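The values are calculated or read from the model by the stated rules, or taken from the named source; none is laboratory data. Values in this document were obtained by computation on a predicted structure and should not be read as measured data. When we count neighbours, we look across all protein chains shown, and the Cβ atoms used for this are built from the backbone with ideal geometry, even at glycine. For accessibility, only protein heavy atoms count, side chains too; no ligands or nucleic acids. Shrake-Rupley method; radii C 1.70, N 1.55, O 1.52, S 1.80 Å.
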Amino acid sequence: MPVADLLVRHADAWGRATRHPFLDAVRDGTLPPAAFDTWLVQDAYFVADLLRFQARLLARAPRAAQGVLAAGCVALVAELDWFGEQATARGLDLDAPQLPATIAYGDLLYRLDAADLPTALTALWTVERTYLDAWSAARPGAEPYREFVEHWTAPGFAEYVAGLEAVAGGAPDSVFLEVVAAETAFWQMALDA
Ligand code: MP5
């Protein structure tokens, strides 16, 4: 079964993660700057956790998945630099405390170290596909958020997600639903903070 079937089979959960009010507000320009800043600082923590998770996954990945995972690790290192630049430009402190949804999502990534490879690869594809679809729904995005919309809707990012899709699959639906729930909670955290 192709992993993309998960998006149809669990359309409600998928919609909650990819059509969240946070994204409507990015598109309309009504997102309070404080909510965006909360998201940005918390997402920098998440990306750091994701890089560590992905590096551990690369170490045990099958030959066919090494290329896409290694390229993704390089991109994540560059993305962390970009987060640093964005934080500086907005005067944000990237050492601010982690919020509960960020901690919970990081814990999920650590738990996936013990998962079999199909499950861990499907989880990673779900993480990235969520951002592709979520930010695509916010296109073109209002200023000052447009650069972020462009970042996760660029053709190169879509190709990366397709590359992950090609090596994902064979996992229980529960891992998809767990990741999607963590993504929904992450958007909500930014609005509630
Ligand atoms: C991604 C992200 C996408 N940055 N944050 C969350 C909460 N979920 C998914 O990962 P990447 O590596 O930034 O494309």
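A few remarks follow.
- Residue match in region 25-38 (condition: within 16 Å of the ligand (Cβ to nearest atom), among the polar types (S, T, N, Q) and more than 24 Å from PHE176 (Cβ to Cβ)): yes
- Pair list, Cβ < 6 Å and 6+ apart or interchain, from region 100-129 residues that are within 11 Å of the ligand (Cβ to nearest atom) to residues that are polar (S, T, N, Q): THR102/GLN42
- Within region 45-54, the set of residues being open to solvent by 10 Å² or more (accessible area, probe 1.4 Å) and near the ligand (Cβ under 9 Å from one of its atoms) comprises PHE46, LEU51.
- Taken as a whole, the condition of being open to solvent by 20 Å² or more (accessible area, probe 1.4 Å) and away from the ligand (no atom under 14 Å from the Cβ) does not apply to GLY163.
- Single unsatisfied condition, ALA193 versus (1) within 14 Å of the chain's Cα centre (by Cα); (2) at pLDDT below 95: (1)
- Residue count, region 97-139 (criterion: open to solvent by less than 60 Å² (accessible area, probe 1.4 Å), within 15 Å of VAL179 (Cα to Cα) and hydrophobic (A, V, I, L, M, F, W, C)): 14
- Residue match in region 84-96 (condition: among the polar types (S, T, N, Q) and away from the ligand (no atom under 14 Å from the Cβ)): yes
- Among the residues making up region 138-154, those that are assigned to a helix (DSSP H, G or I) and within 14 Å of the ligand (Cβ to nearest atom) are GLU147, PHE148, VAL149, GLU150, HIS151.
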